[in-house]
Amino acid sequence: MSAIRHALTTKRADDFSAWYQEVISAADMAEESGVRGCMVIKPWGYGIWERIQRLMDDRIKAAGVQNCYFPIFIPLKNFEREASHVDGFAKEMAVVTHHRLIADGKGGLIPDPEAKLEEPLVVRPTSETIIGDAMARWIQSWRDLPLLTNQWANVVRWEMRTRMFLRTSEFLWQEGHTAHATREDALEETHRALEMYRACAEDDLALPVIAGEKPENERFPGAVETWSIEAMMQDGKALQAGTSHYLGTNFAHAAGIQYQDKEGGQQFCHTTSWGVSTRLIGGVIMTHGDDDGLRVPPRIAPHQVVIIPMLRETPEDEALLDYCEDLRKLVAAQAALGEPVRVLLDKKPGKAAAKRWDWVRKGAPLIVEVGPRDMAEGNVAVLRRDRLWNQDNGKPAFSFVSREDFSAQAPALLEAIQQALYDEARERRDANVTRGVTSMDQVAAHFADNHARPGWVEVQWSKPTSAALEAATEQLKALKLTIRNVPRDAEPADGTCIFTGAPATERILVARAY
RNA sequence: CGGGGAGUAGCGCAGCCCGGUAGCGCAUCUGCUUUGGGAGCAGAGGGUCGCAGGUUCGAAUCCUGUCUCCCCGACCA
């Protein structure tokens, strides 16, 4: 057993936060922009987002939802109409007040005082209010319902503390907005979206998640119910990976979204909204990354197979490139996970070994190296990113197979990697959810211990509200804990409330969170 | 937004206390050697020291302001 020389300098176990940042730069996913809280998403990071977008968009459209685009600028007045929405977002708004710059006489530029906007515009932090305006125009009759819209957009929230992908001032997301005739219809849509997110997270991103309802204090501003999917990161902290809200008639009242029912009466619509963002990429990193960089699940990998010819800048290179190009065509003609295999022949000049480690850090699922001798023997050298090392000799675990066998096996390998990443994350998650905790003392002991990874704790409660809930969350806050959600699929409660001692009605998950 | 730390070559860092015109490792480029798994040797290129003022004959170094990043807290669909 030799010491393994990992591709990153920081190990997860030593400094998870520094490791996370190193993955992002080493995998060339994103970089700082110089503007507070804003990042440049580079091709490999954006390529992963494009894959997520594509797969999610297919699911959205399959549900009969249509894409639209609404303005990035929202009249300030819109936000004054829904009281809790104001409270939720007022503190983090970017506001546009001028429409022209003039020279300041010192070589610089300043907003022209003469060009002040009569009514300031806010850069959207979310689009409920402006889409509400549109819904009020578009909906007249019960025949116009349900109205199912979605948009892919950027949003801005002036965050105090930012982290790449997890919390940035500007981020990319998808926001679905729907209007329905009844509460039941709107709740059904809320749950449909939640289930869509669960399926996308688990099947596409290989992120095991727990779907459930957020407690009252964690609701979206203006929502009647907020539901989430929660994923466990490798340090045991929870990441809210997607949310779906039942908004009741709150926004319908604020924007006047009404329809005439079959009896001729005017009714307010019940609306929903739901979203996932580039934060998912942070979740993928912290779930699947290892001490050699990222490991991208094949379904969302921009390149699933990367072929690296061992070029030597000699005339023989040409034959080797031909051999690799034939391999590329063979593999690209295959289908895996329901789509043509995405394969890249990396012809860039440079040492094969250096390029190999670049792709390891980026996390391409299958890396294939081909040298002159491989070519002579009709072989290729295959490296599975999810099983990188030969533990016996501390070297990369290449397997040598014929070119034809590899191309035939590539789809099955990709499917196996997709499944292996999910299984690994699922086992880790399941091993780190603690049940049977029945007192706050036990909770405190669990999280106070020198647990490297305390994970999540499931407890029972009586769903206290308002002041009683506040008292409960204060106790948790002292331990830096939050209620993640009330798992949809949990067993029925059978004990007493950990906060009040009353008979419990639900099970909740308690954890530290991003 | 409060407390702490940091910004010097693509990356990681030294130099700063005690002012004298910038250095190391990796990476890059060139040459030679090597050639089945993260090559060796030699040489070279690359930095207005985050930005703006100030002190000084002279500022990476001292002073003031400001921007950005990291950690802790507050806040956070």
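The values are calculated or read from the model by the stated rules, or taken from the named source; none is laboratory data. All of these numbers come straight from a predicted model, not from anything done at the bench. FYI the Cβ positions are ideal-geometry reconstructions off the backbone, even for glycines, and counts take in every protein chain you see. With ligands, DNA and RNA removed, areas are computed over all heavy atoms of the protein, side chains included. Shrake-Rupley method; radii C 1.70, N 1.55, O 1.52, S 1.80 Å.
The table for this structure:
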item: Output for segment A:259-302, where each listed residue is over 14 Å from A:P365 (Cβ atoms), away from RNA strand B (no atom under 16 Å from the Cβ) and not polar (S, T, N, Q); result: A:Y259, A:D261, A:K262, A:E263, A:G264, A:G265, A:F268, A:C269, A:H270
item: Unmet requirement for A:G45, which otherwise passes all of (1) assigned to a helix (DSSP H, G or I); (2) within 14 Å of RNA strand B (Cβ to nearest atom); result: (2)
item: Of residues in segment A:13-31 being touching a residue at least 24 places away in the same chain (Cβ under 8 Å) and open to solvent by 70 Å² or more (accessible area, probe 1.4 Å), the one nearest to A:K395 (Cα to Cα); result: A:A13
item: In segment A:394-418, residue most open to solvent (accessible area, probe 1.4 Å) [restricted to those that are within 19 Å of A:V360 (Cα to Cα) and either among the β-branched types (V, I, T) or more than 16 Å from RNA strand B (Cβ to nearest atom) (or both)]; result: A:E415
item: Matching option when the condition is charged (D, E, K, R) and either farther than 30 Å from A:R453 by Cα or away from RNA strand B (no atom under 14 Å from the Cβ) (or both), among A:R59, A:R5, A:R12; result: A:R59
item: Selected residue (criterion: surrounded by the fewest Cβ atoms within 10 Å (Cβ to Cβ)) from residues of segment A:375-393 that are under 26 Å from the mean Cα position of the chain (by Cα) and without any contact (Cβ under 8 Å) to a residue 40 or more places away in the chain; result: A:R387
item: Only listed residue being at pLDDT 95 or above, among the polar types (S, T, N, Q) and under 11 Å from the mean Cα position of the chain (by Cα), chosen from A:T278, A:T271; result: A:T278
item: Residues (open to solvent by 10 Å² or more (accessible area, probe 1.4 Å), in contact with a helix residue (DSSP H, G or I) (Cβ under 6 Å, 6 or more places away or on another chain) and either modelled with pLDDT of 95 or more or not assigned by TED's automatic domain parsing to the domain that holds A:S84 (or both)) located in segment A:220-232; result: A:W227, A:M232
item: All positions within segment A:345-390 that are more than 10 Å from RNA strand B (Cβ to nearest atom) and part of a helix (DSSP H, G or I); result: A:W359, A:K362, A:R385, A:D386, A:R387
item: Answer residue from segment A:157-170, given it is hydrophobic (A, V, I, L, M, F, W, C) and within 13 Å of A:V35 (Cα to Cα) and is surrounded by the most Cβ atoms within 10 Å (Cβ to Cβ) among those; result: A:M164
item: Residues within segment A:185-219 that are open to solvent by less than 30 Å² (accessible area, probe 1.4 Å) and assigned to a helix (DSSP H, G or I), tallied; result: 13
item: Long-range neighbours under 7 Å by Cβ, at least six apart or interchain, first residue assigned by TED's automatic domain parsing to the domain that holds A:L247 and in contact (Cβ under 8 Å) with a residue 24 or more places away in the chain within segment A:80-95, second outside any helix (DSSP H, G or I) and open to solvent by 80 Å² or more (accessible area, probe 1.4 Å); result: A:E92/A:W158; A:M93/A:W158; A:A94/A:W158
item: The listed residue being within 13 Å of RNA strand B (Cβ to nearest atom), part of a loop (DSSP other than H, G, I, E, B) and assigned by TED's automatic domain parsing to the domain that holds A:H180, out of A:G37, A:G64, A:G105; result: A:G37
item: Only listed residue being under 21 Å from the mean Cα position of the chain (by Cα) and within 12 Å of RNA strand B (Cβ to nearest atom), chosen from A:E189, A:E159, A:E195; result: A:E159
item: Within segment A:314-336, considering residues that are open to solvent by less than 50 Å² (accessible area, probe 1.4 Å) and under 30 Å from A:G283 (Cβ atoms), the one farthest from RNA strand B (Cβ to nearest atom); result: A:A336
item: Residue satisfying condition, being touching a helix residue (DSSP H, G or I) at 6+ places or on another chain (Cβ under 9 Å), of a type outside the set (D, E) and farther than 20 Å from A:F171 by Cα, within set A:P75, A:P113, A:P125, A:P71; result: A:P75
item: In segment A:493-514, the residues that are of a type in the set (A, V, I, L, M, F, W, C) and over 27 Å from the mean Cα position of the chain (by Cα); result: A:A493, A:C497, A:I498, A:F499, A:A502, A:A504
item: Inter-residue pairs, beta-carbon under 8 Å, first over 18 Å from A:A410 (Cα atoms) and of a type in the set (A, V, I, L, M, F, W, C) and in segment A:350-371, second more than 8 Å from RNA strand B (Cβ to nearest atom) and part of a loop (DSSP other than H, G, I, E, B), 6+ apart; result: A:A352/A:L311
item: All positions within segment A:67-87 that are assigned to a helix (DSSP H, G or I) and of a type in the set (D, E, K, R); result: A:K77, A:E80, A:D87
item: Residue check, A:A90 open to solvent by 40 Å² or more (accessible area, probe 1.4 Å), in a helix (DSSP H, G or I) and of a type in the set (G, A, S); result: yes
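Okay, residues lined up against (1) crowded, with 24+ Cβ neighbours inside 10 Å; (2) assigned by TED's automatic domain parsing to the domain that holds A:Q66; (3) of a type in the set (K, R); (4) assigned to a strand (DSSP E or B):
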position: A:Q234; (1), (2), (3), (4): no, yes, no, no
position: A:Q240; (1), (2), (3), (4): no, yes, no, yes
position: A:F251; (1), (2), (3), (4): yes, yes, no, no
position: A:E263; (1), (2), (3), (4): no, yes, no, no
position: A:Q267; (1), (2), (3), (4): no, yes, no, yes
position: A:T271; (1), (2), (3), (4): yes, yes, no, yes
position: A:L280; (1), (2), (3), (4): yes, yes, no, no
position: A:R312; (1), (2), (3), (4): no, no, yes, no
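Let's see how each residue does on (1) open to solvent by 20 Å² or more (accessible area, probe 1.4 Å); (2) assigned by TED's automatic domain parsing to the domain that holds A:S244; (3) over 21 Å from A:G236 (Cβ atoms); (4) within 29 Å of the chain's Cα centre (by Cα):
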position: A:R428; (1), (2), (3), (4): yes, no, no, yes
position: A:V443; (1), (2), (3), (4): no, no, no, yes
position: A:A471; (1), (2), (3), (4): yes, no, yes, no
position: A:Q475; (1), (2), (3), (4): yes, no, no, no
position: A:T482; (1), (2), (3), (4): yes, no, no, yes
